[in-house]
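Comments concern the structure below.
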Amino acid sequence: MSDTRFPLRVLVTDPSEIFQLRFADQGAALLAGVSGIETQSSARGLMVSGVAERDLSAAVAILRVAIPAVAVGTVEVVYLDQGSAEPWVRVRVTTSADHYGDVIAQLVQRRGLIEYLEDTPGKGKIVVATAPLAEMLGYDEVVAVITKGVAIADYEFAGYRPIQNDAPEPPRAPAERA
């Protein structure tokens, strides 16, 4: 099983290879020592795990340099305890003062909890928040658009938390009297 400190994973295969374990071992050797990822070889292919989507994308790019035909599966979020605990990340977004309100709004929309705001030298701002990892998928592209490419987001695994069901309880019928 994947190390739970790397709660995103994707299965990478080589369609031209009959024995995926051979490809997986070769791919794992290519990615050995790459920061921010973990690999696991299997007969199904190479499972690449990381904290951020861009870590997985970088690993796949490295593999494609050596093995251009690699096929990439769907990115999965690793949940624990039969799906009752979800991974959270701490995201640190550095942006200009002109865009930090949009960054905060986008984080809150993704169930982010703002931890603190900080000024940087010049007119920059840093926004630090924690958020469910599943809500942060695609965030790099969104933050690039809303800040016109000036923001930088960094991610750190913040642990697993129980999944919160924010839906109100359905109304209950009154008990029948005997």
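The values are calculated or read from the model by the stated rules, or taken from the named source; none is laboratory data. For clarity, every value in this text was computed on a predicted model and none was experimentally measured. Virtual Cβ from ideal backbone geometry, glycine too; neighbours counted across all protein chains shown.
When SER49, SER42, SER96 are checked against the criterion of being over 18 Å from the mean Cα position of the chain (by Cα) and crowded, with 16+ Cβ neighbours inside 10 Å, SER96 stands alone in meeting it. In summary, SER41 fulfils each of the numbered conditions (1) outside any strand (DSSP E or B); (2) among the polar types (S, T, N, Q); (3) free of Cβ contacts under 8 Å to residues at least 24 places away in the same chain with the single exception of condition (1).
Quick check on VAL72: is it of a type in the set (Val, Ile, Thr) and modelled with pLDDT of 95 or more? Considered against the rule, which asks whether it is of a type in the set (Val, Ile, Thr) and modelled with pLDDT of 95 or more, VAL72 comes out as yes.
Mind telling me which of the residues ASP98, ASP102 ends up being within 22 Å of GLU53 (Cβ to Cβ), out of contact with any strand residue (DSSP E or B) (no Cβ under 8 Å at 6 or more places or on another chain) and of a type in the set (D, E, K, R)?
Checking each option against the conditions leaves just ASP102.
Being among the basic types (Lys, Arg) and under 19 Å from the mean Cα position of the chain (by Cα), is that true of even one residue in the range 58-77? There is no residue in the range 58-77 that is among the basic types (Lys, Arg) and under 19 Å from the mean Cα position of the chain (by Cα).
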